[in-house]
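What follows is a single structure, written as structure tokens, with notes after it.
The values are calculated or read from the model by the stated rules, or taken from the named source; none is laboratory data. This is a predicted model, so every value here is computed, not measured. A quick note on method: Cβ atoms are made from the backbone with ideal geometry, for glycine too, and the neighbour counts reach across all protein chains shown. Side chains are part of the model used for accessible areas, which takes the heavy atoms of the whole protein and leaves out ligands, DNA and RNA. Shrake-Rupley method; radii C 1.70, N 1.55, O 1.52, S 1.80 Å.
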Amino acid sequence: MPRSLVKVYVHFVWATWDRLPLIVPAWEYRLYACLAAKCAELGCDLDTVGGIEDHIHALVRLHPSVAVAQAAKELKGASSHFTSHELAMGKFFKWQGTYGAFSVSESDLDMIRNYIRGQKEHHASGDVKLILERCLDLDPDS
């Protein structure tokens, strides 16, 4: 029986509360592993993840039954809970209520992957893509 072929890639971006530097480099790997586990649970694929101390970028291939808003809610929720209860116990940690989600064509995947992997370098040199970063400055109470 034929199966549907769905290749929907979304580049998610979300920030810490008030853009505070809450993401500690020492536990980035575990935070990213949490995101990968949540994606797998949803039937999605976490293709690439990266960030700096105040925000995260994640390239996700969505499962056909998972909406963009659901993926964002689940990823932010699982990672916030994991960080608050495992990584930063007893310390303040919270994501902003907003997020950015950008569709990515297959022809642009390598460019987006490189951009996400190079977050620390891009921000250190000021070589950031404003359209991908601007969404982080939205009202955190939204």
For K91, are the conditions met, namely being open to solvent by 40 Å² or more (accessible area, probe 1.4 Å), charged (D, E, K, R) and either assigned to a loop (DSSP other than H, G, I, E, B) or modelled with pLDDT under 95 (or both)? yes
Does A36 meet the test of being assigned to a helix (DSSP H, G or I) and farther than 20 Å from I112 by Cβ? no
Restricting attention to the stretch 1-35, the residues that are farther than 18 Å from L109 by Cα and free of Cβ contacts under 8 Å to residues at least 24 places away in the same chain number exactly 8
Can you tell which of E41, E86, E28 is surrounded by 14 or more Cβ atoms within 10 Å (Cβ to Cβ), acidic (D, E) and either touching a Gly at 6+ places or on another chain (Cβ under 9 Å) or outside any strand (DSSP E or B) (or both)? E28
Filter the stretch 44-73 down to the residues that are closer than 18 Å to T16 by Cβ, open to solvent by 20 Å² or more (accessible area, probe 1.4 Å) and in a helix (DSSP H, G or I) and list them by number. K73
